[in-house]
Every structure is written in structure tokens, then in C-alpha cells.
1. What ranking do 124-134, 213-223 get when scored by the average of other Cβ atoms within 10 Å per residue, highest first?
2. Please report the Cα spread of segment 8-268 along all three principal axes, rounded to whole Å, starting with the longest.
3. Please give the peptides 34-40, 155-161 ranked by average Cβ packing (other Cβ atoms within 10 Å per residue), highest first, as a rough proxy for protection.
4. Roughly what angle does helix 168-177 make with the longest principal axis of the chain, taking Cα atoms, 0 to 90 degrees, to the nearest 10?
5. Run the numbers on the chain and let me know its relative contact order in percent, using alpha-carbon pairs under 8 Å that are six or more apart.
6. What is the angle, in °, between the Cα long axis of helix 42-66 and the longest principal axis of the Cα atoms in the chain? Nearest 10 is fine, range 0 to 90.
7. Give the angle, between 0 and 90 degrees and rounded to the nearest 10, that separates the Cα long axis of helix 6-22 from the longest principal axis of the Cα atoms of the chain.
8. What residues from segment 152-175 fall in the zone where the backbone N is under 18 Å from a label point 7 Å along the Cα-to-C-beta line of residue 92?
């Protein structure tokens, strides 16, 4: 790969722009992009994207903190659940060995599930909020706090395996649990929480040897300016059509990943059967 590949830089900028404007699109787009378009191994794609996301969202966090669009109690509660869950998940992945066929299949399956879940959060967000909003309104503040920690734990597992989930899923959960917060503070809180989560998960993948530092550096060259610009326009750009387009893209990508995994598994089983027959 050339020292600075324009295609990687452009990809990083586009993803960073989406993350800044919507709080969505980091792992949801970058991880499958690395796997399907650039042919990166799934474990390396996830590990590299996690540290890439930590660096990218750190830039967005500075902008949102400066604009005072962060609800810190929600961030602390999410992190209280996500960080321990991430560490436990990383221990499980370490036992599996990231280079094994089992780990590869686990990552692709969870990634496909996370992409569909993210797309559903984007498409059905309004329906979810309307159907569950009245129930959440009757909950006590202590219950809201415990629910936020539980959501953080689920995000910790999902993000550590697939690098996906901290965006649309996290934003939808925050909208449901904190309906009185303006959208800018929801997005800002989600981005700030994603920094320690992706950093911890990324360090875990680094310890297991699943990081491409050169690739991450090139992606950051494009994504850091992208997320700063996107964060600036977060409250100025209508995002309904953007979210719908992003959701359709995620469903298509999830289908492609599932199809690729199915074909790969079938090929492995066929080869094993032939070897046994011989």
C-alpha cells in the first residue's frame, strides 16, 4: 500500500463526516468496508477500526465538549457497563484465538447482526420511541440509571466483537432513556462514550495482534477533518434522508457479509468432506 493511499483517506473522511453529523457510521461502515472492499481479515478490520474510531471520535468529543453538547451522567453510566463488559468479551476472544476459523465466523455473524440492528434503529427509531416512550416516562431516575448501565454492557459486548453498535443503537437507547435531551446532546454523549469503549476494546485487540497501524494512520488522515466538519454541521443538516440511505446501505452490507460467510463456511466444509473421503 502506498504511504498515503487516496482511496483510504477518502474513505476515512466520508465515514468521519457521517459520524460527526449523525453519531452513526463509524464501525457500521468502516469495518465492512475494510473487509469487503479492501480484503482485510475480519479480526484485523475490527481491531484496526476500534482504535481508528477511538481517535476519530476523540476529535468529535472535543467539539461537542466545547459546544457543551454532552450529558455527562449518561456517559458515566454507559461506561460503567460497557468497559467491564468489553474486558470480559476480550478475554473470551483471547481464548478463541482471533486467527481461528471459529473467531472469524463469530466476528462475521455478530457483525452482520449488529449491522441489521443498527439499520433497524435508524429506520424504526420513531416507532420505538413512541411505543416505549410512555413506559420509560413512568420509570424512576434510579431505574433509568440502571437501565443505562445495562445498555452500556450490551454495547460493550457488541462493539468489542464487531466494532459496531456504539452509534445508532447507542443513540436510540439514549433517546429512549433521556427523551428531554436535545438531539445534539444525545449525539455528543454517544460520541464521548464511544471513546473509552473503543479505546479499551482496541487495546485488547492490539494485545492479541489484530491491528494494522499503517492502515489506521492513513484512515485517520481523512477521518479527523471529516468528523470535525461533521460535528460542526450536526445541528444544521437534516438527517432523515441521510439515516434512511445509511440504513439501506447497512442492510445490503449485512446481506453481503452473511453471504460471504455462508460461502466460506460451505467451502471449508466441502474441503473437509473431501479430505475425509480420501
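1. Working: 124-134: 12.2, 213-223: 20.4.
Averaged packing, sorted descending, gives the order 213-223, 124-134.
2. For segment 8-268, the Cα extents along the three principal axes come out at 52, 35, 32 Å.
3. Top of the packing list down: 155-161, 34-40.
4. 30
5. Working: 441 pairs, mean separation 115.6, N = 278.
Result for the chain is 42 percent.
6. 20
7. 30
8. The answer is 152-166, whose backbone nitrogens lie closer than 18 Å to the label point.
Just so you know, all these numbers are worked out from the coordinates, no wet-lab data involved. Owing to the predicted nature of the structure, the values given are computational and were not obtained by experimental measurement. Cβ: placed from backbone, ideal geometry, glycine included. Neighbour counts: every protein chain shown.
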